[in-house]
Amino acid sequence: MKVIDKIRAAGLYHGGGGGGGEGSANANGEQQGSGKVLFSFEFFPPKTEDGVDNLFERMERMVAHNPAFCDITWGAGGSTADLTLDIANKMQNIVCVETMMHLTCTNMPLEKIDHALHTIKSNGIQNVLALRGDPPHGQDKFVQVEGGFACALDLVKHIRSHYGDYFGITVAGYPEAHPDAISSDGVATPENYAKDLAYLKQKVDAGADLIVTQLFYDTDIFLKFVNDCRQIGINCPIVPGIMPINNYKGFLRMTGFCKTKIPAEVMAALEPIQDNEEAVRAYGIHLGTEMCKKILAHGIKTLHLYTLNMEKSAIAILMNLGLIEESKVTRPLPWRPPTNINRVKEDVRPIFWANRPKSYLSRTIGWDQYPHGRWGDSRNPSYGALTDYQSVCIIEYRISSDNLRRKLHGEVITYSIMQNHSSSILIALESLCLYCDLIHISSAQFMRPRARGKKLLEEWAVPLKTVEDIHDKFKKYCTGKLKSSPWSDLDGLQAETKIINEQLGKINLKGFLTINSQPAVNGEKSDSPSVGWGGPGGYVYQKAYLEFFCSKEKLDAVVEKCKSNPFITYLAVNKAGSWISNVTHTDVNAVTWGVFPAKEIIQPTVVDPASFNVWKDEAFEIWTRGWASLYPEDDSSRKLLGEVQSSYYLVSLVDNDYVHGDIFSVFADL
């Protein structure tokens, strides 16, 4: 979705008119009286793979607060072009945040510009921040590359003329004028300031629909800039760019580079504490909060935070403003909705990938259409694409001395392709895995950062003597004593799991090894912190669900118990594909739904036998590729895990009585 359309949908922009227009709008073209505030974050591509891993971990936490969008910068001189494209792709399609990618003219001939635009369009990204760009490292002035553009205006014109209305185009605004227009005394002459405004209007007239400003620390300068824009007929939204002060030297370096005016009172506050980084950061949060309060008080309801890839200051400012609460992270759906323009209507998914959403997104990236309103059945032609993704990204856990030596010598370990894949899909998925500690990927499905792999090594690569040792591992995870699981992308347990974690611990010790679950919910308010989703004003429902591995003997006992409970439905399959069930292959069962004012019933998760049969290949593969691979080749623990993989069944159990049922009664006396 284009950011300008999000602003319109929030009622913050009437789409025309300017300062002093009709009474419904303020000087920023925003509607008066709306309490909605949209905020966004900017990130830049880190220089190392560890840095990229850390960025995505931080980004996941920040995106949970539902920013309107996040943008990713384009390195000076196009120095991070490929990495920016890859990060933008993952942001849009895996992190599922509306993504705006910077695009500059520096060192970018036309074919490279079009390559970047075609790439992000094919990845479902609709937002571009068009910039001239800074000179490459070591150069003082911008130089137009042969076959490229001279300025951002040329880039805006090109995007509009060749890509029509597909892209939302954002441009930069400079409250103190562009640094090139600022004199040696730190101030732009009135003539240069007027020329810079006129150039900004040219960019908007050429097709830009949004302005994000350069950083500033004098709020009055920004407010004057907005008014000056309106006076010359620039009527699109102007989003203030706020850069929290995190450390003194960095602040001076950034303001010096951008030629940003520093108010005397800001320097007076910073100089006495310049060597106390915590004090500087605390002042930066206070200053940023006060700046935003003043901006909001003038009716401008959009804020863009330059994070410098750090979260604490940006989040603290938003909390001070009352825009977010750490303890109340709302969920639009039980899973994070996609932002890719090609799948934004998707609102139904199988429950099996609840703890591995990245895997599901990657495995369905090639679908022509996505379920909306209802899942349908396995005969839907779009469903067949799932079976094209039956391989798993392999994480390289080098723990033996031999493997360590091979790593030091730069040897690459490879695994063969398990399924045939189209080259386009393989390339797309491999690009998403750039940031993982992977061995050579002959086919790819999901990513797991190195930090995740290290946690698995620490918690799961312990000697296993008997199956009871395996039971104990699952029990410890379900009761919160372990933070990682080979079967989960998530950091620890979901909030709703904690409602039933004691019962889960008990059945795991009995040999029912759970990898997915949810408690029954009967009309809980939709803003419940543990089970709520969809925002306030509605009610949510869900059937109790358990998914686990167990031996054939234990499965037979469960099946026998289910015969006396007509509300229990089950699916069970082993690695070889032997199937046991009391439903047909086409019986789709809604296990989560919500009722909201003026909306149809929403049913975002289902149990579908056809997709369960696809999921089982991945679930069984994790026994060896996700867990046993943590051990050396000849380790007895590895052998034990292989035996469990080959002999156990994967079971999906639903208690359809969400009012009076007790799914755990099935395991009593077993």
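The values are calculated or read from the model by the stated rules, or taken from the named source; none is laboratory data. Here the structure is a predicted model, which is why all the values come from computation and not from measurement. No Cβ is skipped: glycine too gets one built from the backbone with ideal geometry, and neighbour counts run over all protein chains shown. Accessible surface is based on the protein model in full, side chains and every heavy atom, while ligands, DNA and RNA are left aside. Shrake-Rupley method; radii C 1.70, N 1.55, O 1.52, S 1.80 Å.
See the values below:
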| quantity | calculated |
| --- | --- |
| Cα centroid separation, region 293-321 to region 196-227 (Å) | 18 |
| Extension gain (nm, one decimal) between Asp180 and Asn342, 0.36 nm per residue minus Cα-Cα | 54.3 nm |
| Contour minus Cα-Cα distance for His118 and Gln144 (0.36 nm per residue) | 7.2 nm |
| Rounded if a/c under 1.5, otherwise prolate or oblate - region 444-529, Cα gyration tensor axes | oblate |
| For Trp367, distant residues with modelled amide H under 5 Å away | none |
| Cut-off under 5 Å, modelled amide H: who pairs with Thr213 long-range | Gly173, Val239, Gly241 |
| Candidate residues Lys481, Lys465: accessible-area rank, largest first, probe 1.4 Å | Lys465, Lys481 |
| Amide proton proximity set for Asp71, modelled H, under 5 Å, gap of 5+ | Phe41, Glu42, Phe43, Met100 |
| Residues of type lysines that Lys481 reaches as a straight line, Cα spacing below 17 Å, ignoring anything fewer than 8 places off in the same chain | Lys454, Lys455, Lys473, Lys498, Lys506 |
| Local electrostatic count at Gln144 - Lys and Arg +1, Asp and Glu -1, tallied over other residues with Cβ under 11 Å | 0 |
| Per residue accessible area of region 207-294, 1.4 Å probe, in Å² | 41 |
| Accessible surface of region 39-118 [probe 1.4 Å, protein heavy atoms]: carbon and sulfur percent | 50 |
| Cross-link pairs beyond the 18 Å C-alpha cut-off, checked among Lys476/Lys561; Lys475/Lys616; Lys201/Lys224; Lys36/Lys599 | Lys476/Lys561; Lys475/Lys616; Lys36/Lys599 |
| Protection proxy ranking, peptides 271-283, 534-546, average beta carbon neighbours within 10 Å, highest first | 534-546, 271-283 |
| Rounded to whole Hz, the Karplus (6.51, -1.76, 1.60) HN-Hα couplings of region 553-570, x for glycine and proline | 4, 5, 4, 4, 5, 5, 4, 5, 5, 5, 4, 8, 10, x, 7, 8, 10, 9 |
| Spatially proximal aspartates and glutamates relative to Lys575 (Cα-Cα < 12 Å; intrachain offsets below 8 disregarded) | Asp617, Glu618, Glu621, Glu643 |
| Förster-model FRET efficiency, 35 Å R0, Val595 and Glu290, C-beta, rounded to 0.05 | 0.25 |
| Computed accessible area, Leu571, all protein chains, 1.4 angstrom probe, square angstrom | 10 |
| Accessible surface of region 480-608 [probe 1.4 Å, protein heavy atoms]: carbon and sulfur percent | 52 |
| DSSP beta bridge pairing in region 54-164, given as percent antiparallel to the nearest 5 | 10 |
| Approximate spin-label separation Glu325-Ile232, in nm, with each point projected 7 Å along Cα-to-Cβ | 4.5 |
| Spin-label proximity, Asp491 to region 34-56 - amide N less than 11 Å from point 7 Å beyond Cα toward beta carbon | 54-56 |
| Per-residue HN-Hα couplings for region 113-126 [Karplus 6.51, -1.76, 1.60; θ = phi - 60°; Hz; x = Gly/Pro] | 4, 5, 4, 5, 5, 5, 5, 5, 5, 5, 8, x, 8, 10 |
| Euclidean distance between Cα centres, region 234-283 to region 553-623, Å | 55 |
| Label-point separation in nm, Lys454 to His372, each point 7 Å along Cα→Cβ | 4.4 |
| Calculated from backbone phi, Karplus (6.51, -1.76, 1.60) coupling profile of region 232-245 in Hz, x at Gly/Pro | 9, x, 7, 10, 6, x, 10, 9, x, x, 10, 10, x, 7 |
| Residues of region 520-670: accessible area per residue with a 1.4 Å probe, Å² | 42 |
